[in-house]
Amino acid sequence: MHKELDIPEELEQRQKHKFFIDFVINRFDLESEKERIAKYFIYSIWAFMFFVLIYDLFYSPGRSVFWFLELSVSIFIYYKLEVPGWVYFLILALFVTNIFGELFLGLFYTIDNFDKWLHLISPIVGCSFFYFIFDNKIKGKRILILFSVTIVLSWALIWEVLEYFFDLYLATSTTGVRIRVFSGREFSQVMDPLTDLTYDSLFTSIGSAVFAILALFITNKSQKTNNNQIQNFNG
């Protein structure tokens, strides 16, 4: 009689255990599905960048060097570095925007300030990238923010020099601002290379400053929240 009373309880425990296992498995499968979708999306972006690289070899071999660098950096970050997913997708978005701005939509040659908007947004993404790369190596958050901004500004200066030599030796047209005229085959220069360099540096500095202000605000707010929690716990 005693065993008969224990059977329903045992079945109930087994059902609860089975329900928990099924829940964990379904949750794991759901997360795995999201990860697979994200990976397939990333792989498709890489394939597109590789297609652009091969495509541009027949039209502008010098410019294809840029696409090769973008593809190489994308793959390297994905496999070798640990950054938040949203930062990586923002980097991919900048690379793809650069491709469409230069090639398929020609936004660099139809919108006067398109390049300047990129110089404003890119430092925010770049500073975020370096912030998370060195987050575990630099303990002081303010020093980490300053370090990230310094790297981005230094790289921006180096990149402007590289653009000059690309134009000089690879027959590209990365300096100055040119707008496509109505015929579609001719371009009108609306900003000379020196002025373009000055504005690029200005917008890069503004973007870096925006990151620094936002990062300091979030850091200070997080520190105040942690201090309040510690005081409440001790109280």
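The values are calculated or read from the model by the stated rules, or taken from the named source; none is laboratory data. Bear in mind that the values here come from a model prediction, so they are computed numbers and not experimental data. Every residue, glycine as well, gets a Cβ built from its backbone with ideal geometry; the counts of neighbours run over all protein chains shown.
Just a yes or no: is a residue in region 126-146 modelled with pLDDT under 80 and of a type in the set (D, E, K, R)?
Our first condition is that a residue be modelled with pLDDT under 80; within region 126-146, this holds for none.
Checking region 126-146: not a single residue is modelled with pLDDT under 80 and of a type in the set (D, E, K, R).
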Which residue pairs have Cβ atoms under 7 Å apart, sit 6 or more places apart or on different chains, and have a first residue in region 144-163 that is assigned by TED's automatic domain parsing to the domain that holds residue 134 and more than 11 Å from residue 215 (Cβ to Cβ) and a second that is of a type outside the set (A, V, I, L, M, F, W, C) and loosely packed, with under 15 Cβ neighbours inside 10 Å?
-> none
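On the basis of being in a helix (DSSP H, G or I) and modelled with pLDDT of 95 or more, does residue 149 make the cut? Step through it out loud before you land on a result.
Values: in a helix (DSSP H, G or I): yes; modelled with pLDDT of 95 or more: yes.
Against the criterion (in a helix (DSSP H, G or I) and modelled with pLDDT of 95 or more), residue 149 qualifies.
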Do we have residue 217 as at pLDDT 85 or above and surrounded by fewer than 11 Cβ atoms within 10 Å (Cβ to Cβ) here?
-> yes
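So which residues in region 95-115 are in a helix (DSSP H, G or I) and exposed (fewer than 15 other Cβ atoms within 10 Å of the Cβ)?
Kept after step one, since they are in a helix (DSSP H, G or I), are these residues of region 95-115: 95-102, 107-109, 114-115.
The answer is 100, and nothing else.
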Applying the selection to region 19-44, what residues are modelled with pLDDT under 55 and either within 27 Å of residue 73 (Cβ to Cβ) or polar (S, T, N, Q) (or both)?
-> 26
